[in-house]
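Where a number appears in this text, it was derived from the coordinates with a stated rule and is not lab data. Source: prediction; values computed, not measured. Note that each Cβ is placed from the backbone with ideal geometry, even for glycine, and that neighbours are counted across all protein chains shown.
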Amino acid sequence: MLNPIPLSTPVFDGNENDFVLQALGSNQISTAGNNITNFEEEIKKRLGNYHVAVKNSGTSAIHLALRLLGVGFGDEVLCQSFTFCASANPIIYLGAKPIFVDSESTTWNICPEILEEAIRDRINKGTKPKAIVVVDLFGMPAKFDEILKISQKYEIPIVEDAAEALGSSIHGKPCGTFGDFGVFSFNGNKIITTGSGGALISSDADAIERSKYLSVQARENFKYYVHKDIGYNYRMNNMSAGIGLAQFFNLDKKIALRRKVFENYQNLLADFEGFSTILEPDGYFSNRWLSTFLVNESQSGFSNEAIRLALLKENIETRYLWNPLQLQPIFKEIEFYGGGCSEELFNKGICLPSSENLSYGDQERIIGVIRKLYS
Ligand SMILES: Cc1ncc(COP(=O)(O)O)c(C=O)c1O
């Protein structure tokens, strides 16, 4: 059997062991400890004037962001539909209603024109949306120039779901800092990992402090247990934070390697008829978390599914792009504004193996399998 090639695997080549052992040695393995505060400090240093609280997942960070924005029962929240379900599920946890908005074809993220059309229509129908969830999918920043103008014009706050975009930026401004709240995920397949984990970002120090309080079951600072709010068990633990801290010190290296993997694919696929990809608009920087390509079957003669199956036979893992939320059975009753952009991307797209330690030889092996499909 040929060596398996996974889609995206974590690499632990920093001080992960040391930081985890320190946590064990100090008996601080729960939601307090140096790794947590140091990890938050390091993220903060990188983002500039923003406040950070690490959580036990990206999903919990999105949930907290929406709660802190006051989203509650019966509210409407606009949400990019081309994304993982975790961008939208927290809207439902709060008893609110997601309204899905399609993507545009330059960044694959929420389309500003359709977003504005959706806002106007909701207002005309009598409900002003309470928030907008914008995603930086596959590490590519959304069109924030336009999106922020719309957010300001209608006074609707933004949650930036930068779960996949740690280290990405527009004209040097980091993803995670564009909205009223930003969110990262450190899930096992992300650009850095803590096993599972996430972070909540905001320029509002009080909101971040409140998120910390809500993340430990809203426990009051008192001699016995007193609770005046309903909280959650959402704080990151000190061992996970140790892994995250070590990974974070290597972030730039990890991004450079992922970008190199993407560049190699671009070169290797350059003369393959029917293949295209997503390019960085001027000033945009993507961490290239996953290398994503579109296959135009009428030009190539084969589909994304044919590529998936051919590579699977060779023990190589690929993945479709996100199946848009408006197509998910659970969301079939949810209103959707848009055309066919996200559906077309889903129908044509494929994520190729993108781990930072993927060798050039393995990339040639992957491309060799695809080349054979032409004959
Ligand atoms: C776009 C997007 N949003 C949210 C999440 C949720 O993050 P987590 O798995 O850390 O809860 C993920 C990743 O899993 C994601 O890819």
Completion exercise
Each label sits 7 Å from Cα toward the beta-carbon; between Ser30 and Lys125 the label points are separated, in nm, by 4.6 nm
Problem - Highest-first arrangement of 216-225, 353-362, 31-40, 332-341, where packing means the average Cβ count within 10 Å - result: 31-40, 353-362, 332-341, 216-225
Practice task
Net charge near Ala218: determine it from the other residues with C-beta under 10 Å of the C-beta of Ala218, scoring Lys and Arg +1 and Asp and Glu -1.
Solution key: +1
Fill in the blank from the handout: To the nearest 20 debye, the chain has a Cα-centred charge dipole, built from +1 on Lys and Arg Cβ and -1 on Asp and Glu Cβ, of 800 debye
Completion exercise
In deg cm²/dmol, rounded to the nearest 500, the helical mean residue ellipticity at 222 nm of the chain, built from -39500 (n - 2.57) for every DSSP H run of length 4 or more, is -11000 deg cm²/dmol
Problem - Estimated inter-spin distance, Phe222 and Glu297, nm [label 7 Å along Cα→Cβ] - result: 6.3 nm
Exercise for the section: Using amide H atoms built 1.01 Å from N in the peptide plane, name the residues 5+ places from Arg319, or on other chains, whose amide H lies under 5 Å from its own. Expected result: Cys351
Handout entry: Taking the chain and dividing mean pair separation by its residue count, relative contact order in percent (alpha carbons under 8 Å, at least six apart)
Key = 24 percent
Practice task
Of all alpha-carbon pairs in the chain, indicate the percentage at a distance above 39 angstrom.
Solution key: 17 percent
Problem - Estimated vicinal HN-Hα couplings, Hz - the stretch 193-204 in sequence order (Karplus 6.51, -1.76, 1.60; Gly, Pro = x) - result: 9, 10, x, 9, x, x, 9, 10, 10, 6, 7, 8
Practice task
Work out, step by step, the length gained on full extension between Lys313 and Glu146: first 0.36 nm times the residue separation, then minus their alpha carbon distance; give nm to one decimal.
Solution key: 55.7 nm
Practice task
Would you work out which of Ala65, Gln80, Ser291 lies farthest towards the positive end of the dipole of the chain, given +1 charges on the beta-carbon of Lys and Arg and -1 on that of Asp and Glu, about the Cα centre?
Solution key: Ala65
Practice task
May I have the extent of the alpha carbons of the stretch 19-137 along their three principal axes, as whole Å values ordered from largest to smallest?
Solution key: 59, 34, 26
Handout entry: Cα-centre dipole for the stretch 252-372 with unit charges at Cβ (Lys and Arg positive, Asp and Glu negative), debye to 20
Key = 420 debye
Practice task
Along Cα→Cβ, 7 Å out, is where each label goes; now give me the distance between the ones at Phe73 and Glu333 in nm to one decimal.
Solution key: 1.7 nm
